[in-house]
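Just so it is clear, none of the values below were taken in a lab; they were calculated from the coordinates. Because the structure is a prediction, the values reported are computed rather than measured. Methodologically, a virtual Cβ is constructed for each residue, glycine included, from the backbone with ideal geometry; neighbour enumeration extends over all protein chains shown.
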Amino acid sequence: PVVIRDQAQEIIASIAEEIGQAVKQSETADKPLVLGLATGSTPVPLYRELIRRHREEGLSFKNVVTFNLDEYYPLSPDHPESYHRFMRDQLFDHIDIPKDQINIPSGTAKREEVHEACRAYEEKIASYGGLDIQILGIGRTGHIGFNEPGSGPRSKTRLVTLDRLTKVDAARDFHGEHNVPRYAVTMGVGTIMAAKRVILMAWGRSKATVLRDAIEAEPVESLPASFLQAHDNVCFFLDQAAASELT
Ligand code: F6R
């Protein structure tokens, strides 16, 4: 399903509510809630709302385990543009999640150890019974995570080469395209598809064309987000501008 609202904030409230309910259900069931998380500008308002609920409404993340989608490679966790740093700044430093329940792909594994690290990341997700809820944004290339065009529907966590357009979009944050890492480690399309619930958010006109194709065209490897159409519990949450090219 596709949910379209005038204001992103209305959407954010309903997604935060869904996550809050899932947190409470897991507490009752006495098993951790396994959340897949995204970075980038899109989820920032959601993280702000989760922090608010933590501070003002007592929403606790002590029983939550998180797996981030991706990290640039190679990149130190202390680099200002690393997703490790982003997650600390935007969410983890402001909630009560225990540090050992946070998982983010490593951007510093030695080249010959990356493959094993990716396998271990998949295994760790599986050890918790898989992802309960996966939060996604979408790139202008149609990527989810850093699954660029050419990523197969069954792909797993792996090292990938970033698309030129993705590097152009990241250039401002890195003060020039030449500073953007060439590679990334990302969960695969198959990893994302195995999540029990998938929530994709998108705001703004710049995502409208890619969303039209992702939601309405035939699923193809040249637009990895289009594979989400086959997920039995996916929802695309869009503001009016992002939805402006849907038929
Ligand atoms: C980030 C990620 C990417 C972003 C996408 C959109 O972890 O996996 O797929 O969701 O590049 O980025 P923003 O939200 O900055 O437009």
Candidate aspartates and glutamates - alpha carbon under 15 Å from Lys99, same-chain residues fewer than 8 apart omitted | Asp89
Under 5 Å between amide H atoms, partner at least 5 residues away or on a different chain: which partners does Asn103 have, H built in plane at 1.01 Å?
-> Thr66, Phe67, Asn68
Taking 0.36 nm per residue of separation between Gln21 and Asp78 and subtracting their Cα-Cα distance, the length gained on full extension comes to 17.2 nm
Using only alpha carbon pairs under 8 Å that are at least six residues apart, calculate the relative contact order of the chain and give it in whole percent.
-> 23 percent
Given charges at Cβ of Lys, Arg, Asp, Glu: the chain dipole, positive-most of Ala217, Leu37, Pro181 = Pro181
Per-residue ³J(HN,Hα) for the stretch 74-82, Karplus 6.51 cos²θ - 1.76 cosθ + 1.60, θ = phi - 60°, Hz, x for Gly and Pro | x, 7, 6, x, 8, 4, x, 9, 5
For the chain, with only Lys/Arg (+1) and Asp/Glu (-1) charged at the beta-carbon, what is the dipole magnitude about the Cα centre, in debye rounded to 20?
-> 240 debye
Can you list the HN-Hα couplings for the stretch 207-219, worked out from phi with the Karplus curve (6.51, -1.76, 1.60; θ = phi - 60°), rounded to whole Hz and with x for Gly and Pro?
-> 9, 4, 5, 5, 5, 4, 5, 5, 8, 10, 8, 4, x
For a footprinting-style exposure proxy, rank Met87, Met187 by other Cβ within 10 Å, fewest first.
-> Met87, Met187
Neighbour-count order for Lys99, Lys207, fewest beta carbons within 10 angstrom listed first | Lys99, Lys207
For Val34, enumerate residues with amide H under 5 Å from its amide H, sequence gap 5+ or separate chain, H modeled in the peptide plane.
-> Val65, Asp132, Ile133
With a sphere of radius 14 Å drawn around the Cβ of Leu91, what net charge do the other residues whose Cβ falls strictly inside it have (Lys, Arg +1; Asp, Glu -1)?
-> +3
Got a sec? Charge dipole of the stretch 2-239, +1 on Cβ for Lys and Arg, -1 for Asp and Glu; which of Ala126, Gly107, Ala230 is way out at the positive end?
-> Gly107
Amide H to amide H under 5 Å from Ala109: which residues, 5+ apart in sequence or cross-chain, H placed 1.01 Å off N in plane?
-> none
Within-14-Å neighbourhood charge of Ala109 [Cβ basis; K, R +1; D, E -1] = -1
Compute the normalised compactness of the stretch 2-239: alpha-carbon radius of gyration over 2.2 N^0.38 Å, N being the residue count.
-> 0.95
Report ³J(HN,Hα) in whole Hz for each residue of the stretch 99-115, in order, from the Karplus equation J = 6.51 cos²θ - 1.76 cosθ + 1.60 where θ = phi - 60°; Gly and Pro get x.
-> 4, 6, 9, 9, 10, 9, x, 7, x, 10, 4, 5, 3, 6, 9, 4, 4
Least to most buried among Asp169, Asp30, Asp93, by other C-beta atoms within 10 Å and fewest first, runs Asp30, Asp93, Asp169
Relative contact order of the stretch 1-123, defined on C-alpha pairs under 8 angstrom at six or more residues apart (%) = 24 percent
